[in-house]
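> There's a structure below that I have some questions on.
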Amino acid sequence: MKPTITFALICIVFPLIAQSPKNILILGDSHMMGYFGEFFHRKLHETGKYDILSIGIGGAGSKHYTLRMTNFCCGYKVRLTCCSDKICQQCTIPVFERADVATQKPILRNIGSKLIQVLNFWQPDAVIIALGSNNINAHQELLGILHTFNPKMPYVWVGPFRRMNVAIRYQAIEKGMAAYPNGYLVRSDDIVGHDTLVSAHFTGKTAKTWAFEVVNRLEPFLQKKLFADTLRN
């Protein structure tokens, strides 16, 4: 079976659940590719509310998502789960597509490899952006692509951990978000990191703590934006 067919059919399941699942698209860098992304996806999945497509590209900044998505640096990982999937605690999140080294090949090429094509295919109800650590920025352009797809779609921006020049990184994110008021900024710099840290890929308990706390912070926003009718009833 071709990957595009598998991808299209994988989440057509149990449409009569009490609260219809929402599609979430996650865009991130090597942290989303790695342990942080693994715990982040799991925590969000365990809410039972979302079908989740998560893309983590090593070395990526927001600019790389405004271009054709390419495995340019050091690997990538695309995870995919449906809200009804049962994933044991010892199991990893299912991976739809990956590479562990740079190949210079397009990512999700069967869909088209451009963000607008992924948006049109996945039809997300909300997007989570976990970018800004690599400081290769086109924040406004990235948000403009989301706006073109759906001007009313909510988004969450997960800011970088505490590291050198983190204030400048957050200023760039806030400036980019200012023109697109449907967003919600979740800070990470009070959870993990160090003021003099240049770069780190957190593992184990640290990555889990970071990921779980970020999900705890953003989930009320998603709940309010995506399930408002359910809450009123």
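Values quoted throughout were computed directly from the atomic coordinates according to the rules given, and no laboratory measurement underlies them. Every value quoted in this text rests on a predicted model; they were computed, and no experiment measured them. FYI the Cβ positions are ideal-geometry reconstructions off the backbone, even for glycines, and counts take in every protein chain you see.
> With +1 on each Lys and Arg Cβ and -1 on each Asp and Glu Cβ, how big is the dipole of segment 84-157 about its Cα centre, in debye rounded to the nearest 20? Walk me through the numbers on the way to the answer.
Details: 6 positive and 5 negative charges, 25 e Å.
For this selection, approximately 120 debye.
> Still on this structure, I have one more. Do any of 43/224; 49/175; 86/225 go past 29 Å between their Cα atoms, and which? Display every interim value, and only then the final one.
Values: 43/224 18 Å; 49/175 31 Å; 86/225 26 Å.
In this structure, 49/175 lie more than 29 Å apart at Cα.
> Over the Cα atoms of segment 91-183, each weighted equally, I'd like the Debye log10 I(q)/I(0) at q = 0.19, 0.22 Å⁻¹, rounded to two decimals.
Normalising to I(0) and taking log10 leaves -1.07, -1.21.
> Say the dipole of segment 15-139 comes from +1 at the beta carbon of Lys and Arg and -1 at that of Asp and Glu; which of 70, 35, 96 then lies farthest toward its positive end?
70
> Now, a different point. How long are the semi-axes of the ellipsoid equivalent to the chain, from square roots of 5 times the Cα gyration tensor eigenvalues, in whole Å, largest first?
Details: eigenvalues 120, 86, 72 Å².
Gyration-tensor ellipsoid for the chain: 24, 21, 19 Å.
> Which trypsin sites (Lys or Arg not before Pro) in segment 125-209 pass both tests, a DSSP loop state and at most 16 other beta-carbon atoms within 10 Å? Walk me through the numbers before you get to the answer.
Values: sites: 152, 162, 163, 169, 175, 187, 205, 208; in loops: 152, 163, 187.
Of the trypsin sites (Lys or Arg not before Pro), the ones in loops of segment 125-209 whose Cβ has at most 16 other Cβ atoms within 10 Å are 152.
> How would segment 53-112 be classified by its alpha-carbon gyration tensor: rounded, prolate or oblate, with rounded meaning a/c under 1.5 and the a/b versus b/c comparison settling the rest?
Details: a/c = 2.33, a/b = 1.89, b/c = 1.24.
Prolate, because a/c is 1.5 or more and a/b exceeds b/c.
> I've got another one for you. Can you list the lysines whose alpha carbon is less than 28 Å from that of residue 105, not counting same-chain residues fewer than 8 positions off?
Counting by Cα, and skipping residues close in sequence, residue 105 has these lysines nearby: 2, 63, 77, 114.
> Looking at segment 84-126, which trypsin sites (Lys or Arg not before Pro) are DSSP coil and have at most 11 other C-beta atoms within 10 Å of their C-beta? List each step's numbers first, then the result.
Values: sites: 86, 98, 109, 114; in loops: 86, 109, 114.
Here the sparse-neighbourhood loop sites are 86.
> Which distance in nm do the two modelled labels at residue 117 and residue 201 give, with both placed 7 Å along the Cα-to-Cβ direction?
If labels sit at residue 117 and residue 201, their model points lie 2.7 nm apart.
> Okay, next question. Give me the number: length gained by fully extending residue 103 to residue 164, i.e. 0.36 nm times residue separation minus the C-alpha to C-alpha distance, one decimal in nm. Working shown, then result.
Details: separation 61, 0.36 × 61 = 21.96 nm, distance 2.99 nm.
Roughly 19.0 nm would be gained on extension.
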